[in-house]
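These notes are about the structure you will find just below.
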């Protein structure tokens, strides 16, 4: 799962929203580093990642990619699943996506102590509505270019968009089957 799904699943309180995103920017032990609600949200983020990475439906989705892409297929699938969620947001949330993202951006930009890398990208995330933009499939190409710049092998995601186009229907079906199970996992406390 990528940013949007973590934010959707992590809870509506400001500290829950921030912690849901911090999970991608904070590594290592959490003991005493953050306020309790923020720490709990980071832990939930990690539990969601673990549940997702080992789920049979996700493993099936990853196996759909060509063998040459498999090493980076998890990154691609995380981003694509955020596209699926944004595209069908109304099926999973009561609040319109635009209102959800606007509220989150206000919370994000008001936080003075963001993790360093998040602090650098937060203004761009809000100004360009990264979360809402996931609904447009063509936006993913820009997302993958940004991710490529951070990879040790930047060429690893070259050509991924045609692959995603070819796999669009089965991967969307995988998401539509998997996401309610992930929601149920979170609703049950995010523990196995």
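The values are calculated or read from the model by the stated rules, or taken from the named source; none is laboratory data. Everything quoted here is computed from the prediction, not taken from an experiment. So basically every Cβ, Gly included, is an ideal-geometry build from the backbone, and we count neighbours across all protein chains shown.
What the table below lists for this structure:
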{"item": "Condition met for residue 174 (closer than 17 Å to residue 10 by Cα and either touching a residue at least 60 places away in the same chain (Cβ under 8 Å) or outside any helix (DSSP H, G or I) (or both))", "result": "no"}
{"item": "Conditions (1) in contact (Cβ under 8 Å) with a residue 12 or more places away in the chain; (2) under 19 Å from residue 6 (Cβ atoms); (3) over 16 Å from the mean Cα position of the chain (by Cα); (4) not in a loop (DSSP other than H, G, I, E, B): number failed by residue 191", "result": "(4)"}
{"item": "Residue satisfying condition, being modelled with pLDDT under 95, out of contact with any helix residue (DSSP H, G or I) (no Cβ under 9 Å at 6 or more places or on another chain) and either farther than 20 Å from residue 189 by Cβ or part of a helix (DSSP H, G or I) (or both), within set 70, 33, 46", "result": "46"}
{"item": "Candidates 115, 96, 123, filtered to the one that is in contact with a helix residue (DSSP H, G or I) (Cβ under 8 Å, 6 or more places away or on another chain) and closer than 25 Å to residue 30 by Cβ", "result": "115"}
{"item": "Output for region 133-149, where each listed residue is free of Cβ contacts under 8 Å to residues at least 60 places away in the same chain, under 27 Å from residue 34 (Cβ atoms) and touching a helix residue (DSSP H, G or I) at 6+ places or on another chain (Cβ under 6 Å)", "result": "none"}
{"item": "Whichever residue in region 49-67 is touching a helix residue (DSSP H, G or I) at 6+ places or on another chain (Cβ under 6 Å) and not in a helix (DSSP H, G or I) and, among such residues, is surrounded by the fewest Cβ atoms within 10 Å (Cβ to Cβ)", "result": "64"}
{"item": "Residue check for residue 137: surrounded by 13 or more Cβ atoms within 10 Å (Cβ to Cβ) and not in a loop (DSSP other than H, G, I, E, B)", "result": "no"}
{"item": "Tally of residues being outside any helix (DSSP H, G or I), within 16 Å of residue 4 (Cα to Cα) and without any contact (Cβ under 8 Å) to a residue 12 or more places away in the chain across region 102-129", "result": "1"}
{"item": "Hits in region 1-30 (condition: in contact with a helix residue (DSSP H, G or I) (Cβ under 8 Å, 6 or more places away or on another chain) and not in a helix (DSSP H, G or I))", "result": "1, 2, 10, 11, 13, 23, 24, 25, 26, 30"}
{"item": "Within region 172-185, considering residues that are in contact with a helix residue (DSSP H, G or I) (Cβ under 6 Å, 6 or more places away or on another chain) and surrounded by 18 or more Cβ atoms within 10 Å (Cβ to Cβ), the one nearest to residue 61 (Cα to Cα)", "result": "174"}
